[in-house]
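Colleague: The structure under discussion is supplied below as C-alpha cells; questions concerning it will follow.
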Amino acid sequence: MKTSDQPAIAVLKDIGYITAGILICGFALKSFLVPNSFFDGGVTGISLLISELYHINIAYVIIPANIPFIIMGIFQVNSRFAWKTLAAIIGVGVCLQFIPYPQDITHDKLLVCIFGGVFMGTGIGLAIRGGCALDGIEVLALYTLKRSSFTVSEIILGINVLIFSVAAFKLGLPTALYSVMTYYAASHTINFVIEGLEEYTGFTIISGKSEEIKEKLVLEMGRGITIYKGERGYLKESFDVHHPVDIIFTVVTRLEVRRLRNLVYSVDPNAFMFTSTIKEAAGGVLKKRARH
C-alpha cells in the first residue's frame, strides 16, 4: 500500500466511525430514551430534559445545546475537532428528525435504561474513535479544569448530579434513578468501545528468578520488556539483608493478562506483581492504531 493512500483510508475510517455513531445515537434516543422520558448525562441529558419539560422536539434542542461547547472546543482542542463535532451533532439532529426509527421496541424501564445506555454509549464511543464528540460535556470539563482545582471526572460528575437532581424534582425520583442507570451503562460502554479489547495493562514483576521470566516473556510471549535495577529484601525480621534484582516491566493486552500471570507463577510462585491500566500506548513492539 502506498504511503499516500494511508491518509485517505484514515479519513474514510473516521467517516465510517462517525456515521455509525450518529445512526446508533439516533436509534438510542428515538427508540429508547425519548419515548420513555429517560435521560442520559452531559449535554445530551440537558437536551432531553429541556425537550421533556417544554415539549420541544429533541432534534431542535440537541444542536443549539451543543453550540457553546463546540465553540469551546475550538480553543480547548482544535478547529478540526470542533467542525467535525458540529457536523456530527447536526447529523444526529437530522437522524432524529427524518429517520423513522421504531419507537415501540420496549417500555420496560429496566430494558430501556440498560439498552438505551448501551446504544448511546456505543454511538458516542464510535464518534470519539472517529475524532469528534457527540456530547460537549468533555469540552466543558476541560475548560473548567484550567480554571479550578477539580479533576475532569469531578466536573462531569457535578454537572450530571445537577441534571439528575432537576430530573428528580421535576419528573420524580424513579425516573431520575433509572436515568442514572442509563448514564452508568452509557459511560461504561463508551470506555469499552474506545479501548475495547485493545486496552493495555502494564505489569511490574519483582522476582528472584527474573532471568527465567525475562526469557519466557520475550521468547514465548513475544513481549517487549524494560528492566529497572532495584533491590529486594528489607524484611522486618532481616532488615539488613537485601539483594539486587531486575524489576521487569512489560505491557500486554487484556486478553493476555491471564496468560502472563500464569507464565510468571509457573516460574516463581512467590513473584510479586502489580498491574496498572494504560489508556494509550504506541511504539516499540506494540502495534496500535493511531488515535486522534
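Colleague: Could you sort 179, 187, 276 by accessible area so the largest value comes first, with the probe set to 1.4 Å? Mind dumping the intermediate values first?
Modeller: On the way: 179 0, 187 30, 276 55 Å².
In descending accessible area the options line up as 276, 187, 179.
Colleague: Around residue 200, which amide H atoms from residues at least 5 apart in sequence, or from another chain, sit under 5 Å from its own amide H, with H modelled in the peptide plane?
Modeller: 278
Colleague: With every protein chain present, what accessible area does residue 60 have (1.4 Å probe, heavy atoms only), rounded to the nearest 10 Å²?
Modeller: Surface accessible to solvent at residue 60 totals approximately 140 Å².
Colleague: Cα extents of the range 68-123 along the three principal axes, largest first, in whole Å?
Modeller: If we take the Cα atoms of the range 68-123, the spans are 42, 24, 17 Å.
Colleague: As a test question: what accessible area, to the nearest 10 Å², does residue 221 have when a 1.4 Å probe is rolled over all protein chains in place?
Modeller: Accessible surface of residue 221 is approximately 20 Å².
Colleague: Picking from 27, 119, 239, which is most flexible by a Gaussian network model of the chain using Cα springs under 10 Å?
Modeller: Evaluated over the chain, the most mobile residue of the options is 239.
Colleague: Then there is this: With 36 Å as the cut-off, how large is the P(r) tail for the chain, expressed as percent of Cα-Cα pairs? Working shown, then result.
Modeller: On the way: 14559 of 42486 pairs.
The share of Cα pairs beyond 36 Å in the chain comes to 34 percent.
Colleague: While we're on this one: When only the heavy atoms of the protein chains count and the probe is 1.4 Å, how do 260, 171, 177 rank by accessible area, highest first? All intermediate terms of the calculation are to be shown ahead of the outcome.
Modeller: On the way: 260 0, 171 55, 177 100 Å².
Greatest to least solvent exposure: 177, 171, 260.
The values are calculated or read from the model by the stated rules, or taken from the named source; none is laboratory data. Model, not experiment: these values are computed from the prediction. What goes into the accessible areas is simple: the full protein's heavy atoms, side chains included, and nothing from ligands, DNA or RNA. Shrake-Rupley method; radii C 1.70, N 1.55, O 1.52, S 1.80 Å.
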